[in-house]
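The values are calculated or read from the model by the stated rules, or taken from the named source; none is laboratory data. Quick caveat, the model's predicted, so the values are computed rather than measured. Note that each Cβ is placed from the backbone with ideal geometry, even for glycine, and that neighbours are counted across all protein chains shown. Accessible surface areas use protein heavy atoms only, side chains included; no ligands, DNA or RNA. Shrake-Rupley method; radii C 1.70, N 1.55, O 1.52, S 1.80 Å.
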Amino acid sequence: MAELVVGIGVPHSPHYPAAIAKDGPEETAVLFREVKAHLDAARPDAIVVIANDHFNTFFLNNFPTFAIGVAEKSFGPNDQTRMPHYDLLVETTLASHIRDVAIREGFDLSVAQEFGVDHAMLVPLHYLTDGIRLPVVPIWVNAFVKPLPRAKRCFALGRAVRCAIDSLGRDMRVAVVGTGSFSLEIGGPKIEPGKRNAVPDIAWSRHVHRRMAEARLDELVEEATPERMWKAGNIGGELLNWIVTLGVVGQDKPRYIADHNDKDGHAYAVWRWD
């Protein structure tokens, strides 16, 4: 039977690849390497990636609340992120099983059968794998188009994904990677004049980080209302990607957790059970 061997949460800033290549934020590279060591040790056969799209795979004429990719392959980045191009394999057996289980559990998932992916999925995979040779299962969550899905619904989706992994009728070691920021404003009223982005609510990022470190997930899910996430920035809804991931990994405390809360409001976390 399949088993979940590692859960991971990381940021996905599109500026990381170019910045680090130019001797940029070395601390970021160190934190990704710390997380990668756990992923390598877990020896997964496939990676489920939970992220949001930035109007590159979907647009407002057809922007799903939840979607899953079931094609045999994909590519990216399909945006302007300065990073290598990747051709990805999709773990179609697992993707189709997650789709079926989620629909059985009452989630009307949108299904993508021909698609590219943007930096939200590829930046983490770029740093956490060696050339993205493992097949992936992409799951998208609407993180910034009103109305946002409720945190309870996102957590329940994570539980459905976990149910699908546990019930897959073949041997497979599965990793899940959730990505995003807790507080971020891009091009909105919470940034200073002349700047492109800001982190308007470091206190909220620190609070979310403490909740996860202590595995106080029920409280976090209750607190992560759309109104509270909007207060943390127009990209603050990316917390929902993490909440889906928390639904997958369950109530255990992370084995590893680190943050950039004094600067970016980002977090890096790992759950393992070996």
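Test of understanding: what is the full-extension gain from PHE59 to LYS253, defined as 0.36 nm times their sequence separation minus their Cα-Cα distance? Result for the pair: 66.2 nm of gain on full extension. Every helix of 4 or more DSSP H residues in the chain counts as -39500 (n - 2.57), and over all residues that averages to -11000 deg cm²/dmol at 222 nm. The charge dipole of the chain, taken about its Cα centre with unit charges on the Cβ atoms of Lys, Arg (+1), Asp and Glu (-1) only, comes to about 320 debye. Antiparallel beta bridges, as assigned by DSSP with both residues in the chain, represent about 45 percent of the total such bridges. Averaging the Cα positions of each part gives two centres, and for region 133-175 and region 236-257 these lie 11 Å apart.
Every pair of different Cα atoms in region 123-227 enters the Kirkwood calculation, which places the hydrodynamic radius at 16.7 Å. Maximal additional length on extending the ILE103-HIS15 stretch stands at 28.1 nm, based on 0.36 nm per residue less the C-alpha distance. Number of Lys-Lys pairs in the chain with C-alpha atoms under 28 Å apart and a separation of 8 or more places or on different chains: 20. Computed with a 1.4 Å probe over protein heavy atoms only, the accessible surface of the chain comes to 42 Å² per residue. Both the radius of gyration and Dmax for region 219-274 are 12.4, 38 Å, in that order, over alpha-carbon atoms. In order along region 58-65, phi translates into HN-Hα couplings of 10, 9, 5, 6, 6, 10, x, 6 Hz, rounded to whole numbers, per the Karplus curve 6.51 cos²θ - 1.76 cosθ + 1.60 with θ = phi - 60° and x for Gly and Pro. Looking at region 122-229, which trypsin sites (Lys or Arg not before Pro) are DSSP coil and have at most 12 other C-beta atoms within 10 Å of their C-beta? The qualifying sites are ARG133, ARG170, LYS195, ARG196.
Largest accessible area first, the residues LEU246, LEU89 order themselves as LEU89, LEU246 under a 1.4 Å probe with ligands, DNA and RNA left out.
Over all projection directions, the Cα-based convex hull of region 1-139 averages an area of 8.6 nm².
Taking the 1.4 Å solvent-accessible surface of the chain as the whole, the part contributed by carbon and sulfur is 49%. If R0 is taken as 22 Å, the Cβ-Cβ distance between ARG159 and ARG133 corresponds to a FRET efficiency of 0.15.
Mind checking which of MET83, VAL117, VAL248 is farthest towards the positive end of the chain's charge dipole, using Cβ charges of +1 (Lys, Arg) and -1 (Asp, Glu) about the Cα centre? Checking the options against the dipole of the chain, the answer is VAL248. Read through the labelled values [x] -0.21, -0.78, -1.49; [y] -0.32, -0.87, -1.31; [z] -0.25, -0.84, -1.38 and report the label of the one computed as log10 I(q)/I(0) by the Debye sum over Cα atoms at q = 0.07, 0.13, 0.17 Å⁻¹ from the structure. Computed from the coordinates, log10 I(q)/I(0) by the Debye sum over Cα atoms at q = 0.07, 0.13, 0.17 Å⁻¹ corresponds to [x]. Dimensions of region 124-164 along the principal axes, based on C-alpha atoms and rounded to the nearest Å, stand at 36, 26, 12, largest first. Taking 1.306 mPa s as the viscosity and 10 °C as the temperature, the Stokes-Einstein diffusion coefficient of region 62-164 based on its alpha-carbon Kirkwood radius rounds to 110 µm²/s.
Simple spin-label estimate for GLU219 and LYS152 gives 1.9 nm between the two label positions (7 Å along the Cα-to-Cβ direction from each Cα). Once both labels are positioned 7 Å from their Cα atoms along Cα-to-Cβ, the gap between VAL30 and TRP273 label points is 3.2 nm.
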